[in-house]
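The values are calculated or read from the model by the stated rules, or taken from the named source; none is laboratory data. Note that this is a predicted model, so its numbers are computed, not measured. Virtual Cβ from ideal backbone geometry, glycine too; neighbours counted across all protein chains shown. Heavy atoms of the whole protein, side chains included, go into the accessibility calculation; ligands, DNA and RNA do not. Shrake-Rupley method; radii C 1.70, N 1.55, O 1.52, S 1.80 Å.
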Number of protein chains: 2
Amino acid sequence: MSTTIKVGIVGYGNLGRGVEKALKQNPDFELRAIFSRRNPDDVAAGNGVVHISEVEKYKGDIDVLILCGGSATDLPEQGPELAALFNTVDSFDTHANIPGYFDKVNAAALQGGNVSVISTGWDPGLFSLNRLLAESVLPEGKEYTFWGKGVSQGHSDAIRRVEGVKNGVQYTIPVESVVESVRKGEDPVLTTKDKHLRECYVVVEEGADKAKIEREIKEMPNYFADYVTTVNFISEEELKSNHSAMPHGGTVLRSGRTGENNTQIIEFGLKLDSNPEFTASVLVAYTRAVYKLSKDGQAGAKTVFDIPFGLLSPKSPEQLRKELL
Amino acid sequence: MSTTIKVGIVGYGNLGRGVEKALKQNPDFELRAIFSRRNPDDVAAGNGVVHISEVEKYKGDIDVLILCGGSATDLPEQGPELAALFNTVDSFDTHANIPGYFDKVNAAALQGGNVSVISTGWDPGLFSLNRLLAESVLPEGKEYTFWGKGVSQGHSDAIRRVEGVKNGVQYTIPVESVVESVRKGEDPVLTTKDKHLRECYVVVEEGADKAKIEREIKEMPNYFADYVTTVNFISEEELKSNHSAMPHGGTVLRSGRTGENNTQIIEFGLKLDSNPEFTASVLVAYTRAVYKLSKDGQAGAKTVFDIPFGLLSPKSPEQLRKELL
């Protein structure tokens with residue numbers, strides 16, 4: 001590419017920092033500004049952090065804004081607002097609210113003549129793409145999604161709310177024997193709780209009743225009661241040194257049938273040392289697609305289902321056909 | 001979809017028969033005719049087999065022709081010829097000749113105002129898509145493709161050319177320890193021969209010298225000499241009953257790095273009971289995309305890199321966002 005794609009990052013948490021790192025691996029991008037709601041002077045590191053109230057001044061200087069806020073409160077507001085002003089890409093991940101979010105961002109993007117790709121990342125995102133591909137190719141079949149091994153923020157929070165608990169981390173772990181059964185085409189009938197184990201690492205306050213805490217965690221409805229749950233008590237130091245990374249991953253499997261009952265298995269899997277850095281890397285690849293679609297004169301909201309993979313690459317169509325097909 | 005997609009199959013070998021079966025799993029399609037170069041009366045089974053010389057009469061009655069000929073001699077001729085007359089989809093798989101084939105089909109399709117998707121299937125096809133996706137998301141990394149366990153036609157033919165051999169089948173098998181090393185992010189440096197084993201099942205003529213045959217196979221340059229090769233002598237009956245299926249599959253892995261040396265692994269794998277039936281199923285999904293692109297007024301040759309996954313599904317964009325994102 002002859003010119004660079006000029007981008008801004010909105011939101012400077014784990015995801016925003018991941019995008020900043022990912023951009024350094026992609027020489028066709030140029031980071032123009034990082035926008036934060038906090039006072040720029042309070043934001044550690046980061047060159048060029050600017051208060052979000054200044055964003056409109058960057059119209060014309062930024063090709064795509066990469067939205068790195070959360071799906072609970074940030075994106076439902078920022079997504080439509082910023083789509084009216086800029087091309088945007090985001091990782092809105094509240095599955096049930098995607099259709100409503102799409103409509104709002106679409107209206108704003110159409111009004112502003114911008115392109116907005118919503119809900120990228122890996123789930124929603126790459127996992128969704130694989131669910132769609134696999135069911136389109138193998139219409140007769142069963143789909144299985146396994147998550148983990150990875151930290152579940154919601155379950156970790158639930159542990160930390162138990163009386164006497166100082167800190168805690170919960171890993172969701174797929175049941176390996178069940179994954180193997182699916183890979184063999186045995187088509188087991190499963191609920192989410194048959195597919196996953198829950199492993200807890202807990203730091204307690206001094207003098208706390210560990211037996212009571214373990215019981216309370218294991219019997220907690222919705223979160224743990226229906227699962228095989230293990231509770232490990234560790235020190236604060238051990239938690240910090242061994243359990244502060246953000247690994248995740250998972251597997252999307254489809255077990256299909258063709259012809260005279262031939263089994264056909266399609267599997268897509270991720271094993272990630274850093275969940276936010278990987279999501280950030282997906283966002284950056286889709287930023288390239290937003291840029292190309294916008295240059296092509298398109299407008300409106302799009303999802304990963306609307307984007308040909310060729311647009312994710314800095315290579316030309318000729319080069320891709322020659323090198324990668 | 002309110003109307004069905006009317007299709008014709010060109011070529012009635014394993015792949016064409018696979019497409020015929022796949023169409024039965026997809027109620028939005030209607031098979032209008034199967035075209036063969038053989039005398040229609042000689043072609044077993046199949047309703048509506050028509051001689052290929054009649055194909056032009058079907059203009060207007062067929063939305064897309066699904067080309068099921070071979071890449072060596074059939075498609076280089078048929079692809080451009082038929083792209084001038086019909087929308088087409090094919091699985092041209094001679095990797096090195098794809099750019100030249102694309103140009104010829106593209107010129108013909110543009111001239112005829114048709115859409116032609118070339119080189120679908122799984123490699124080229126779904127594997128290519130995953131190579132492209134993974135390198136776009138993780139630009140710093142290494143890519144590994146493993147093939148098998150599956151029958152290699154070329155290597156089976158090579159066995160059958162050895163003096164004293166009556167029949168033979170060769171399986172290409174990935175070295176599991178090497179696959180595991182890649183999955184762990186160890187980034188081994190490998191050539192094709194480090195990645196695969198070759199397992200041969202051989203039927204000999206009466207009185208043949210088995211030791212000599214085994215030596216000749218194992219020492220055959222290019223095909224076997226550089227590989228760990230095992231030779232099993234079996235009876236014709238055993239070959240027929242245990243080794244006449246057409247399983248295949250493989251794995252595309254990318255081991256990437258983000259941020260401060262975090263390892264991120266993307267894996268896509270297939271385990272197929274029937275290679276031709278799976279390729280056929282991919283062809284049918286892409287036939288849907290050809291139809292939609294043509295209805296949209298597009299023309300010219302396309303590859304899997306140009307096709308958004310949403311076009312592969314019979315579901316509407318709204319339904320896809322709601323159910324699968």
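Accessible area per residue for the stretch B:83-234, computed on protein heavy atoms with a 1.4 Å probe, is 43 Å². Counting only Cβ charges, +1 for Lys and Arg and -1 for Asp and Glu, the dipole size of chain A around its Cα centre is about 640 debye.
When DSSP beta bridges are restricted to pairs lying wholly in the protein assembly as shown, around 55% turn out antiparallel.
What number, in nm² with one decimal, is the all-direction average of the projected area of the convex hull of the alpha-carbon atoms of the protein assembly as shown?
The Cα convex hull of the protein assembly as shown, projected and averaged over all directions, gives 32.9 nm².
Stretching the chain fully between B:Lys295 and B:His51 yields a gain of 85.0 nm (0.36 nm per residue, less the alpha carbon separation). The alpha-carbon atoms of the stretch B:1-92, seen along their principal axes, cover 37, 30, 24 angstrom, with the largest extent given first. Inter-copy label distances for B:Glu206: 9.3 nm (label point placed 7 Å from Cα along Cα→Cβ; shortest first). The Rg/Rh ratio for the stretch A:126-273 is 1.09, where Rg is the radius of gyration of the alpha carbons and Rh is the Kirkwood radius. Interface residues of the stretch B:124-140, defined as those with an accessible-area decrease of at least 20 Å² between the chain by itself and the complete set of protein chains (probe 1.4 Å), are B:Leu126, B:Leu129, B:Arg131, B:Leu132, B:Leu133, B:Glu135, B:Ser136, B:Val137, B:Pro139, B:Glu140.
Between chain B and chain A, roughly 5700 Å² of accessible surface gets buried, counting both sides and using a 1.4 Å probe. Here's the picture: charge each Lys and Arg Cβ at +1 and each Asp and Glu Cβ at -1 in the stretch A:126-273, and of A:His196, A:Leu270, A:His243 the one pushed furthest to the positive end of that dipole is A:Leu270. Label-point distances for B:Glu77 to the equivalent site in the other copies, using a point 7 angstrom along Cα→C-beta, read 6.9 nm when ranked shortest first. Our coupling estimate for the stretch A:215-231, obtained by passing each phi through the Karplus curve with A = 6.51, B = -1.76, C = 1.60 and θ = phi - 60°, is 4, 4, 5, 5, 9, 5, x, 6, 6, 10, 4, 8, 10, 6, 10, 10, 10 Hz, Gly and Pro reported as x. Counts of other chain beta carbons within 10 angstrom of each beta carbon in peptide B:6-17 average 0. Other residues within the sphere of radius under 14 Å centred on the Cβ of B:Gly154, judged by their own Cβ, net out at +1 (K and R +1, D and E -1). Most simply put, chain A has about 50% antiparallel DSSP beta bridges, counting only bridges with both residues inside it. Among the GluC sites (Glu not before Pro) found in the stretch A:252-317, those both in a DSSP coil and sparsely packed, with 14 or fewer other Cβ atoms within 10 Å of their Cβ, are A:Glu260.
Count Lys and Arg as plus one, Asp and Glu as minus one, and take only other residues whose Cβ is under 15 Å from that of B:Leu311; the net charge is then 0. A simple packing score, the average count of other Cβ atoms within 10 Å per residue, orders the peptides B:145-156, A:155-166, B:84-95 as B:84-95, B:145-156, A:155-166, with the highest score first. Note on A:Asp187 and A:Gln153: the model spin-label points, each 7 Å out from Cα along the C-beta direction, lie 3.8 nm apart. Legend: distances between Cα atoms for A:Lys292/B:Lys195; B:Lys59/B:Lys104; B:Lys6/B:Lys315; A:Lys322/B:Lys315; A:Lys21/A:Lys142; B:Lys142/B:Lys193; pairs beyond 29 Å are A:Lys292/B:Lys195; A:Lys322/B:Lys315; A:Lys21/A:Lys142. Shown for the stretch B:262-325: the carbon plus sulfur share of the solvent-accessible area, taken with all protein chains present and a 1.4 angstrom probe, equals 46%.
Summed over qualifying helices (DSSP H, 4 residues or more, each -39500 (n - 2.57)) and divided by its residue number, the protein assembly as shown shows a 222 nm mean residue ellipticity of -10000 deg cm²/dmol. Can you give the net charge of the other residues whose Cβ lies under 12 Å from the Cβ of A:Glu236, counting K and R as +1 and D and E as -1? That sum, taken over residues with Cβ under 12 Å, equals -2. Starting from the stretch B:87-145, pick out the GluC sites (Glu not before Pro) whose DSSP state is loop and whose Cβ has at most 16 other Cβ atoms within 10 Å. Passing sites in the stretch B:87-145 are B:Glu140. Here the Karplus curve 6.51 cos²θ - 1.76 cosθ + 1.60, taken at θ = phi - 60°, turns the phi angles of the stretch B:288-301 into couplings of 4, 5, 4, 4, 5, 5, 5, 4, 7, x, 7, 8, x, 7 Hz, with x standing for Gly and Pro.
Take every pair of alpha-carbon atoms less than 8 Å apart whose residues are at least six positions apart; their mean separation over the length of chain B yields a relative contact order of 21 percent.
Taking 0.36 nm per residue of separation and subtracting the current Cα-Cα distance, fully stretching the chain between A:Thr4 and A:Asp28 would add 8.2 nm. Here A:Ser241 and B:Asn39 are evaluated by their C-beta separation; at R0 = 60 Å the FRET efficiency comes out at 0.20.
Take the Cα of A:Asn261, step 7 Å toward its Cβ, do the same at A:Arg160, and the gap between the two points is 5.2 nm.
Assuming charge only on the beta carbon of Lys and Arg (+1) and of Asp and Glu (-1), the dipole of the stretch A:126-273 about its Cα centre is about 220 debye to the nearest 20. Here's the picture: charge each Lys and Arg Cβ at +1 and each Asp and Glu Cβ at -1 in the protein assembly as shown, and of A:Val175, B:Ser316, A:Ala109 the one pushed furthest to the positive end of that dipole is A:Ala109. With Cα atoms as the point set, chain B shows a radius of gyration and Dmax of 22.0, 68 Å.
Dipole magnitude for the stretch A:211-325: about 620 debye, using +1 per Lys or Arg Cβ and -1 per Asp or Glu Cβ, origin at the Cα centre.
In chain B, a dipole from Cβ-located charges (positive for Lys and Arg, negative for Asp and Glu) runs towards its positive end, and of B:Val49, B:Leu132, B:Gly60 it is B:Gly60 whose Cα lies farthest in that direction.
Ranked from shortest, the separations from the 7 Å Cα-to-Cβ label point of A:Asn97 to its equivalents in the other copies are 5.5 nm.
Only Cα pairs under 8 Å and 6+ residues apart enter the sum, and on that basis the relative contact order of the stretch A:1-104 stands at 27 percent.
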